[in-house]
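I'd like to ask some things about the structure below.
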Amino acid sequence: FDAFNAQDYYKALENKNKAEDITRVLYPNDSTWEGKQLRIKQQYVLSSASLQNIMRDFRKHQGLGWDRLPEFAAIQLNDTHPAMSIPELIRLLMAEGLDFDAAFNIAARIFSCTNHTVMSEALEKWSEDLVRMRLPRIYSILKEIDARFYGEHRDCTPEQLSRMFILGNGQVRMANLPVIGSPGINGVTALPSDI
């Protein structure tokens with residue numbers, strides 16, 4: 001208000017404009033660090049807002065325990081862009097008092113994923129540093145998912161495991177997240193489904 005009264009209109013609206021930038025243009029050019037930061041903010045905000053809306057409706061209309069949520073909500077992830085929803089639902093359920101195991105088991109029963117291509121450039125990857133910096137709680141949940149996955153699959157070869165981890169080689173491989181955190185993935189056609 002002080003900046004507006006001092007006729008510094010840009011400064012007065014700076015925070016409002018930054019907040020609106022998140023939804024102003026979806027899927028901006030993410031070839032720069034700034035573009036990557038905006039893109040990850042968009043994916044997180046849109047995923048979190050959708051999940052919070054689902055949870056609010058469930059709480060208001062059902063009045064049941066969170067373990068019943070998969071009976072009332074099914075979420076279809078369209079490729080890797082909304083995969084951030086899996087750790088975010090776990091985070092939100094833990095904020096409601098559930099432990100990690102209960103939250104993960106609920107999330108794993110809610111999400112399904114459709115894969116549109118198996119081309120590596122379409123399988124989204126984020127810098128671990130970017131996720132750790134912008135989404136520290138999501139990053140810690142991803143680490144926990146990976147650790148539990150590793151614990152359940154110790155019989156696999158190191159080469160097999162290295163291809164399946166979410167975190168590795170300085171990257172967060174979002175395409176691996178629905179493989180671990182959902183009951184199934186289908187392809188948009190027969191070929192991606194088979195692969």
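The values are calculated or read from the model by the stated rules, or taken from the named source; none is laboratory data. What you see is a predicted model; the values in this text were computed from it and never measured. Here the Cβ positions follow ideal geometry from the backbone for every residue, glycine too, while neighbour counts run over all protein chains shown. Ligands, DNA and RNA are excluded from the accessible area calculation, which covers all protein heavy atoms including side chains. Shrake-Rupley method; radii C 1.70, N 1.55, O 1.52, S 1.80 Å.
Just going by the charge dipole of the stretch 69-195, with Lys and Arg at +1 and Asp and Glu at -1 on Cβ, which of Leu77, Val179, Leu167 is farthest out on the positive end?
Projecting each Cα onto the dipole axis, the largest value belongs to Leu167.
Could you pull out every residue, at least 5 positions away or on a different chain, whose amide H is within less than 5 Å of the one on Val172? Hs are placed 1.01 Å off N in the peptide plane, and Pro or chain starts have none.
Close amide H contacts, sequence-distant or interchain: Trp126, Ser127, Glu128.
Please give the helix 136-152 orientation as an angle from the longest Cα principal axis of the chain, in degrees from 0 to 90, rounded to the nearest 10.
Approximately 0 degrees, to the nearest 10.
With a 1.4 Å probe and every protein chain left in place, work out the accessible area per residue of the chain in Å², rounded to a whole number.
Values: 11320 Å² over 195 residues.
Accessible surface, normalised per residue, equals 58 Å².
Evaluate the relative contact order of the chain (contact order divided by residue number), counting alpha-carbon pairs under 8 angstrom at least 6 apart; express in whole percent.
On the way: 219 pairs, mean separation 40.3, N = 195.
Answer for the chain is 21 percent.
Amide H neighbours of Phe72 under 5 Å, counting only residues 5+ apart in sequence or on other chains, H built in-plane at 1.01 Å?
Amide H neighbours of Phe72: none.
As a check on your grasp of the helix formula, calculate [θ] at 222 nm for the chain: sum -39500 (n - 2.57) over DSSP H runs of n ≥ 4, divide by the residue count, round to the nearest 500. Provide the component values of the computation, followed by the final result.
Details: 10 runs with 113 residues, N = 195.
Mean residue ellipticity, 222 nm, calculated: -17500 deg cm²/dmol.
If you don't mind, another one. Percent relative contact order of the stretch 58-130, based on C-alpha pairs within less than 8 angstrom and at least six residues apart? The partial results should precede the final answer.
Values: 55 pairs, mean separation 29.1, N = 73.
Computed value for the stretch 58-130: 40 percent relative contact order.
Under a no-solvent Debye model with one identical scatterer per Cα of the stretch 16-99, what's log10 I(q)/I(0) at q = 0.17, 0.20, 0.22 Å⁻¹?
-0.77, -0.95, -1.06
Okay, moving on. Please identify the chymotrypsin sites (Phe, Trp or Tyr not before Pro) of the stretch 19-79 that satisfy two criteria: DSSP loop assignment and at most 13 other Cβ atoms within 10 Å. Which are they?
Working: sites: Trp33, Tyr44, Phe58, Trp66, Phe72; in loops: Phe72.
Taking the stretch 19-79 and a limit of 13 other Cβ atoms within 10 Å, the loop chymotrypsin sites (Phe, Trp or Tyr not before Pro) found are Phe72.
Provide the three semi-axes, in whole Å and in decreasing order, of the ellipsoid equivalent to the chain as defined by the square roots of 5 times the Cα gyration tensor eigenvalues. Mind dumping the intermediate values first?
Values: eigenvalues 195, 103, 54 Å².
Values for the chain, descending: 31, 23, 16 Å.
Something else about it: Roughly how many Å² of Ile54 are accessible to a 1.4 Å probe, to the nearest 10?
Using a 1.4 Å probe on the heavy atoms, I get roughly 60 Å².
Using a cut-off of 29 Å between alpha-carbon atoms, which lysines can reach Lys18, once sequence neighbours fewer than 8 places away in the same chain are excluded?
Correct list for Lys18: Lys36, Lys41, Lys125.
Measure nothing but the geometry: give the 0 to 90° angle between the long axis through the Cα atoms of 100-110 and the longest principal axis through the Cα atoms of the chain, rounded to 10°.
The two axes meet at around 90 degrees.
Would you mind classifying the stretch 111-182 by shape? Square roots of the alpha carbon gyration tensor eigenvalues, ordered a ≥ b ≥ c; an a/c under 1.5 is rounded, otherwise it is prolate if a/b is larger than b/c and oblate if not.
Details: a/c = 1.44, a/b = 1.06, b/c = 1.35.
It is rounded, given that a/c, with a ≥ b ≥ c, falls under 1.5.
Please work out whether the stretch 64-104 counts as rounded, prolate or oblate from its C-alpha gyration tensor, where a ≥ b ≥ c are the square roots of the eigenvalues and a/c under 1.5 means rounded, while otherwise a/b larger than b/c means prolate and anything else oblate?
Working: a/c = 2.91, a/b = 1.44, b/c = 2.03.
Judged from the Cα gyration tensor, the stretch 64-104 comes out oblate (a/c at least 1.5, b/c at or above a/b).
Which cross-chain or sequence-distant (5 or more) residues have an amide H under 5 Å from the amide H of Phe111, H modelled 1.01 Å from N in plane?
Ile75
For the chain, which whole-number percentage of the solvent-accessible area (1.4 Å probe, protein heavy atoms only) is attributable to carbon and sulfur atoms? Could you put the intermediate results ahead of the total?
Numbers: 5910 of 11320 Å².
Summing carbon and sulfur atoms, their accessible area is 52 percent of the total for the chain.
Hey, another quick one. What do you reckon, how do Glu71, Glu124 stack up by accessible area (1.4 Å probe), largest on top? Write down the numbers at each step before the final one.
Values: Glu71 110, Glu124 20 Å².
Order by accessible area, largest first: Glu71, Glu124.
Give the separation of the Cα centroids, the stretch 38-79 to the stretch 136-195, in Å.
Going from one Cα centre to the other spans 21 Å.
Considering only protein heavy atoms, with the full assembly of protein chains and a 1.4 angstrom probe, order His61, His81 by accessible area, largest first.
On the way: His61 125, His81 55 Å².
Putting His61, His81 in descending order of accessible area: His61, His81.
Let me ask something additional. Of all DSSP beta bridges in the chain, what percent run antiparallel (nearest 5)?
Of all bridge pairs located within the chain, approximately 40 percent are antiparallel.
How far is helix 85-95 tilted off the main Cα axis of the chain, in degrees rounded to 10, range 0 to 90?
So the inclination is approximately 80 degrees.
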